[in-house]
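Worksheet for the structure shown next.
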Amino acid sequence: MPHTCINKIVFVVFLLTVFVSAQNQDSLYIAQHYNKHEYRIAMRDGAKLFTTVYTPKDTTQAYPILMTRTPYRVAPYGESQFPNQLGPTLNFTKEGYIFVYQDVRGRFMSEGNFVDMTPYISAKKDNTEVDESSDAYDTIDWLVKNVTHNNGKVGVWGISYPGFYAAMSAIDAHPNLVAVSPQAPIADWFIADDMHHNGALSLLMNFNFFTFFGVARPQLTTEWPTGSNTPVPDAYTFFLNMKTLADVNKNYYHGEIAFWNDVVKHPHYDEFWKVRNTLPHFKNIKPAILVVGGWYDSEDLYGTLHTFQAIEGSKEHNFNSLVMGPWFHHGWPAGPGNSFGDIQYSTNTGEYYRDSVEFPFFNYYLKGKGSIKIPKALLFETGSNTWKSYDTYPPKDLKEVDFYLQPESGLSTSKPTTPKPDFDEYVSDPSKPVPYTSKIQDARRFYYQFYMNEDQRFVAGRPDVMSYVTEPLSEDVTILGDIKADMFVATSGTDADWVVKLIDVYPDSAKNPVPNPTGVKMGGYQLLMRAEIMRGKYRDSYEEPKPFEPNKPTEVKVTLQDVSHTFLKGHKIMVQVQSSWFPFYDRNPQRYCDIYNARESDFVKSTNKIFFDKEHPSHVTLRLIR
């Protein structure tokens, strides 16, 4: 799939190694049924963007245009070279569309300067002011006027970074753009998408991503830069030995990765990050929108949910729908989707989405074929493992229920009554951070994809992980929407991270799956449902961080992103709290400082406390379906 080549690097390896022989046959089919042309389309400021157009050889009818704009290369280059697939799936290849792929401004064979998450310009003064909305507009305008046998209807789609470009195309949309599917779109790189979560740096993923993606392009090129082949088999040890974030430039980037330099210069949520927030700009959206994402997307779950909500909250919009499946980032274009990690499903969720949702959506709006039966929200409900449809999202009749942390590792809906301070405490040691996964993986890999529903028993016995669990449930409990954690904590240091996890604990009698190739033991399984990290100094403001007063009880609120899940009868609900999640996220020195320039001496042990008394009722709020 050329439009997603090196799309977050690790996933392309997966996609390009599946069904190789079949794909070779598909490439031959495309060469037999499509003509390929390469163009350099001029934007309003004169920059020319490299654009590949595949048109059906059958010219007895007019076809809609389906476009992807990408920073990840539109290979294969050359008008005699053909890819293994056109469009989101092979359904589209056989159906017949005009397929368009474009290197975005400043990437590979396109002219101009590349800007990460190009800020949107709402009131452009002249043709020198451009952004991704205007580039999409200018491209579409050229295509409908110059590509023969098009029917005047255009659709745009993309996953991850291309999802961002798809979303941007819907703002100030060209009149011929009638359908857009932003899939796992980036929305805000400080609050909760790829780069940071609540100010904590996504270290493992971004270190690897910018090692490739951030290398400057001295001239037009069709090739990715060459990466390191040095084996680093244990990511946990590799990043622990890195010591500080200052070592990234000192030992690896050497100041040559421009965006990393910007990240270091802007440690807080200042204007650099705010102008890259896409959400305020989804107003008066004209095209039909299909927002798609995965519940286990560790990169752009926030962007997916909030792009949908931003469009839904605007005063004027046409069709706008949200689809969420049990998938990791970029996990829905290929494969059956009948399992995730250790958990198996009785349905092929990926195939269902591709055949019954995505394909009919574009066919309806771009070809006028069939009917549209997609609800406002089509969500896969884990636990019960069934698809659910909702007319609004989130539904209005959800019941909020508080689950309070209790002494002796309890969790219940009863508010604590102890009048004096009651708490658990643990030592958080930056030299021994809590791992985010039990798996040992090479540091050059993005991350272990299945950590987001991994069995948490591998950390439950650590002294720096606190667990609180209900009694076995007497009936099914279904939750939907986001989760609010309201924690009363204290630290002997001046800064600390707070990680809150929501976990589904299986009964000891739970049966193992059949077949069971990995030998998983489901009895007592601690299924991670959702987790989030909060860098403590940003607890009150992302713009104006402040230190903790040592040992003073302090309220820290953490929003865990949306879930759709049923805790089955006999299961238990667990909440875990810890202060590191490494190396997915960088370590907090636990001394208030500029972490990007912290010294080794700034990293100190701290004693952290979690309170659960009448004055400090730490709890999580779940939204239950009545």
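What follows is calculated from the coordinates using simple rules that are stated; it is not laboratory data. As the structure is a prediction and not an experimental result, all values here were calculated from the model. Positions of Cβ are backbone-derived with ideal geometry, glycine not excepted, and every protein chain shown enters the neighbour counts.
Points to keep in mind about this one:
- Share, in percent, of DSSP beta bridges within the chain that are antiparallel, nearest 5: 70 percent
- Stokes-Einstein D (µm²/s) once Rh is taken as the Kirkwood radius of segment 102-206 over alpha-carbon pairs, at 20 °C in 1.002 mPa s: 142 µm²/s
- When both segment 360-432 and segment 550-619 are represented by their alpha-carbon centers, they are found 19 Å apart.
- Annotation: for a label point projected 7 angstrom from Cα along Cα→Cβ of GLU425, residues of segment 480-502 with backbone N closer than 20 Å are 487-499.
- Over 28 Å between alpha carbons, listed pairs LYS125/LYS286; LYS415/LYS605; LYS124/LYS369; LYS243/LYS609; LYS145/LYS274: LYS415/LYS605; LYS124/LYS369; LYS145/LYS274
- Take every DSSP beta bridge whose two residues both sit in segment 367-502; close to 90 percent of them are antiparallel.
- Of the Cα atoms belonging to segment 153-289, the radius of gyration and Dmax stand at 17.9, 54 Å.
- Each listed q (0.12 Å⁻¹) maps to a log10 I(q)/I(0) for the chain, found by the Debye formula over equal Cα scatterers with no solvent: -1.30.
- Estimated FRET transfer efficiency (GLU271, ARG462; beta-carbon r; R0 56 Å; 0.05): 0.90
- Compactness of segment 214-255 is given as radius of gyration and Dmax, 13.5, 38 Å, from Cα positions.
- Applied to segment 611-626, the Karplus parametrisation 6.51 cos²θ - 1.76 cosθ + 1.60 on θ = phi - 60° returns per-residue 3J(HN,Hα) values of 9, 8, 10, 4, 7, 9, x, 4, 7, 10, 10, 9, 9, 9, 6, 5 Hz, with x for Gly and Pro.
- DSSP beta bridge pairing in segment 306-443, given as percent antiparallel to the nearest 5: 75 percent
- Taking only the Cα atoms of segment 314-398, the ratio Rg/Rh comes out at 1.00, with Rh defined as the Kirkwood radius.
- For segment 568-613, the Stokes-Einstein estimate of translational diffusion at 25 °C and a viscosity of 0.890 mPa s comes to 180 µm²/s, using the Kirkwood hydrodynamic radius over alpha-carbon pairs.
- Share of pairwise Cα-Cα distances greater than 15 Å in segment 537-597 is 71 percent (whole percent).
- Counting only DSSP H runs of at least 4 residues, each contributing -39500 (n - 2.57), and dividing by the residue count of the chain, the helix-based mean residue ellipticity at 222 nm comes to -4500 deg cm²/dmol.
- Cα gyration tensor of segment 470-527 - equivalent ellipsoid semi-axes, whole Å, descending: 32, 17, 11
- Here MET195, MET522 are placed in order of increasing Cβ neighbour count within 10 Å, fewest first, which gives MET522, MET195.
- Signed unit charges on C-beta, dipole axis of the chain, positive-most listed residue PHE584, ASN348, MET324: ASN348
- With only the Cα atoms considered, segment 336-485 has a convex hull volume of 197 Å³ per residue.
- Radius of gyration (Cα atoms) of segment 502-576, expressed as a multiple of 2.2 N^0.38 Å: 1.60.
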